[in-house]
Amino acid sequence: MPTVFPTSRSARRRLLASLAAAALPVPARAQSSPRRWRIAHVMSFSSPWRWTDGQWRGFQEGLGSASIESHVFAMDARRHVTPAALAERGRLARAFVEAVQPDLLYLSDDDAQTHVAQHYAGTRLPIVFSGMNDVPARHGLADAPNVTGVLEREHAVETVRLLQALVPGVRRLLVLSGPGQYWDAVVARVTAQLGRFEGLQSVVAARTDTFEAYRQAVQNAPAQADALLHLGILNLPGAAGEPVPYSTVQQWVVEHSRMPDASFWIDRVHHGTLASVTVSELEQGREAGRLARAILKDGQAPDSLPIRPTTKGTPALNLARARALGLTVQSTQLLQSEVIRGYEWQR
């Protein structure tokens, strides 16, 4: 079982004491046993969540037979959304890393790169990341010799083709996203790809800073688009400034919009988005685990291992949403896709 790093002062003191005891010299007769690698994992978000848990599970699969002692810290960036709150979570995450003294640091998603990875760039600590939406340079990791990892890149054209197979009349697309620095890169990348796609007549992007602005954009969308593409909706502020859960955002869209929609992640389909060719969280983690194995077991330098995206995408569709929109889903589409039959927020 992984160790989840505590945040209370007394609990941290107990953990530090236990880690110090674990660092005592190993008796000579035990030194011939297989090496047990100490892994510190900082996740940007939290658990349980399919995206986060899938990356961590995939990472451990990618390590193969390597024996590890794992320690996990969750930054919980879906709840701690202000710059000050994220900075404090980053400080606690770095204290966790210093306490664990890992052989390798594994970080998932962008907030962990900004608030943790860049502080260790250029050090002797090997770093492997996954789920990076932005580019390494924006996180202060450009040319860092101790860093490698896996980029998260969207299957934009494939997703629109799936959407058009379900709704042949889709020619105009509105790309919607909320606040968050790394979403700037995602919006730019997606609109550039789809702007070159001959199957679309127009691609318009709109950024919204609040849940109310997002709702207004969805309500106004039929005047300029045939379908919606939802991106960064994890931290939309509500009326009192509190972060609105993305499940609440998606429930509102299902209940108030008759427009077909798409995104790039399977959890969005579970919460009511019609279609997606999803980024595989398992493949993100597995590839990161393979990189970690090459560093720890094969002795390869991190900067000798190329940073690149995973390529596997899985078609997925929400059958309840299709029926609500009056769509007929062909049997071939059902057979070729991961089919979600209801809404997660109704369970």
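Only one of (1) at pLDDT below 95; (2) of a type outside the set (S, T, N, Q); (3) in contact with a helix residue (DSSP H, G or I) (Cβ under 9 Å, 6 or more places away or on another chain) fails for GLY169. Which number is that?
Result: GLY169 passes all but (3).
Mind listing whichever residues of region 200-212 are surrounded by fewer than 16 Cβ atoms within 10 Å (Cβ to Cβ) and among the aliphatic types (A, V, I, L, M)?
Hit for region 200-212 is VAL204, nothing else.
Which residues, counting only those in region 224-248, are among the charged types (D, E, K, R) and modelled with pLDDT of 90 or more?
Within region 224-248, just ASP226 meets the criteria.
Across region 143-155, what is the total count of residues that are of a type in the set (A, V, I, L, M, F, W, C) and crowded, with 24+ Cβ neighbours inside 10 Å?
2
Hand me the list of helices (runs of 4 or more DSSP H) wholly inside region 130-235 holding 1 or more residues that are in contact (Cβ under 8 Å) with a residue 24 or more places away in the chain and touching a Pro at 6+ places or on another chain (Cβ under 8 Å).
Here the list reads 156-166, 211-220.
Considering only residues that are assigned to a strand (DSSP E or B) and either more than 27 Å from the chain's Cα centre (by Cα) or over 25 Å from THR248 (Cα atoms) (or both), which ones fall in region 313-347?
Once the filter is applied, which keeps residues that are assigned to a strand (DSSP E or B) and either more than 27 Å from the chain's Cα centre (by Cα) or over 25 Å from THR248 (Cα atoms) (or both), region 313-347 yields only GLY313.
Between a first residue in region 326-347 that is in contact (Cβ under 8 Å) with a residue 60 or more places away in the chain and a second residue that is in a loop (DSSP other than H, G, I, E, B), which pairs have beta carbons less than 7 Å apart while being 6 or more apart in sequence or on different chains?
Here the result reads LEU327/VAL167; TYR343/HIS271; TYR343/GLY272; GLU344/HIS271; TRP345/HIS271, each pair linking region 326-347 to a residue that is in a loop (DSSP other than H, G, I, E, B).
Pick out the one residue from GLN250, GLN193 that is crowded, with 16+ Cβ neighbours inside 10 Å and either among the basic types (Lys, Arg) or within 24 Å of VAL339 (Cα to Cα) (or both).
Going through GLN250, GLN193 in turn, the sole match is GLN250.
Going residue by residue through region 285-293, is there one that turns out to be without any contact (Cβ under 8 Å) to a residue 40 or more places away in the chain, surrounded by fewer than 23 Cβ atoms within 10 Å (Cβ to Cβ) and more than 18 Å from the chain's Cα centre (by Cα)?
no
The values are calculated or read from the model by the stated rules, or taken from the named source; none is laboratory data. For clarity, every value in this text was computed on a predicted model and none was experimentally measured. Using ideal geometry, Cβ is built from the backbone for each residue, glycine included, and neighbour counts are taken over all protein chains shown.
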